[in-house]
Amino acid sequence: MWKDLSREWQTAFEEAWLAFGSGSIPIGAAIFDENGVLLVREHNRSNEPETLNKNISHAEANAIRRIDTSACNVREVTLYTTMEPCPMCMGTAVMSNIKRLRYAARDPYCGCVHIKDTEPYISGKGLDYTTAGGEPELVQLTIQSYHELRCIERGCGDGVLRQFAELSPRAVDIARELYADRRLDSYAAQGRPFADVYDEILAI
Ligand SMILES: [Zn+2]
């Protein structure tokens, strides 16, 4: 339930919902300092008209590039993201000296957190990068599967969706049910808060 989420997770998911509303990949991120103060909140901007390079306008990288490293202790911040970071965002977090990262859902398609254990340059940095799993993962994979259904309708392949289905068949089933009447598109157009959407997904 939405009320069970911490403020940090609620902030990241609200950003994912903003991305969804613009037709971008629905991923949100937020960075908090060691006292729980919000430093920056961001989202994927791949489908926003002013974005020049749509392939790399990712939530996490967008957020990391906006924090003022002279005004905070970057080694003490925590980055919350609704999806496991891709190679670029993982690299951006590592090179920025972000030691703590939390992601709601595992990404079987391009998630790259595993390199913290396998890449010699990174494995010695003592990174604390972990997944929330559970309800946050189910909700994130649902809204991202819904986005994939939009893409497939425009002619994209279904390879990403098939990988999501292997990880969480339930998320893809819920996404198909919601997509049948374009329910999330309606909710976004109505300006519904993501708190309602989150709980509705879990109730299906
Ligand atoms: Zn990324």
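The values are calculated or read from the model by the stated rules, or taken from the named source; none is laboratory data. Keep in mind that this is a model prediction, so the values were computed, not measured. Please note: Cβ atoms are built from the backbone with ideal geometry, for glycine as well, and neighbour counts cover all protein chains shown. For the accessible areas, the whole protein counts, side chains as well, though only heavy atoms, and no ligand, DNA or RNA atoms are used. Shrake-Rupley method; radii C 1.70, N 1.55, O 1.52, S 1.80 Å.
For LYS3, a cut-off of 15 angstrom between C-alpha atoms picks up these aspartates and glutamates, skipping any fewer than 8 places away in its own chain: GLU14, GLU135, ASP196, ASP199, GLU200.
Accessible area per residue for segment 1-158 in Å², computed with a 1.4 Å probe and the full protein assembly in place, what is it?
That works out to 44 Å² per residue.
Only protein atoms count toward the accessible area here, which uses a 1.4 Å probe; on the chain, the carbon and sulfur part of that area reaches 49 percent.
Peptides 78-88, 146-156, 132-142, 114-124: what's the order by average Cβ count within 10 Å, highest mean first?
Top of the packing list down: 78-88, 132-142, 146-156, 114-124.
Its residue count N sets the reference 2.2 N^0.38 Å, and the alpha-carbon radius of gyration of the chain equals 0.98 times that reference. Listed by chain and number, the lysines whose alpha-carbon sits under 19 Å from that of LYS116, ignoring those within fewer than 8 places in the same chain, are LYS99, LYS125. Each residue was assigned an accessible area with a 1.4 Å probe, and for CYS72 the value is about 30 Å². The alpha-carbon atoms of segment 61-128, seen along their principal axes, cover 35, 25, 16 angstrom, with the largest extent given first.
Here the relative contact order of segment 67-187, from alpha carbon pairs under 8 Å that lie six or more residues apart, stands at 22 percent. For segment 71-103 versus segment 122-183, the spacing of their alpha-carbon centroids is 21 Å. Relative to the longest principal axis of the Cα atoms of the chain, the long axis of helix 134-153 lies at roughly 60 degrees.
Between 0 and 90 degrees, the angle of helix 194-203 with respect to the longest Cα principal axis of the chain falls at about 60 degrees.
Give the relative contact order (percent, whole number) for segment 23-107; include only Cα pairs under 8 Å separated by 6+ residues. Display every interim value, and only then the final one.
Numbers: 166 pairs, mean separation 24.9, N = 85.
About 29 percent, as a whole number.
Looking at the chain alone, DSSP beta bridges between its own residues are antiparallel in about 50 percent of cases.
Placing +1 on the Cβ of every Lys and Arg and -1 on the Cβ of every Asp and Glu, with nothing else charged, gives segment 103-146 a dipole about its Cα centre of roughly 80 debye. Residue order by solvent-accessible surface for HIS58, HIS43 is HIS58, HIS43, largest first, with ligands and nucleic acids left out and a 1.4 Å probe.
Among the protein heavy atoms, those of ASP4 account for about 100 Å² of accessible surface (1.4 Å probe, every chain in place). The heavy atoms of LYS54 offer some 90 square angstrom of accessible surface to a 1.4 angstrom probe.
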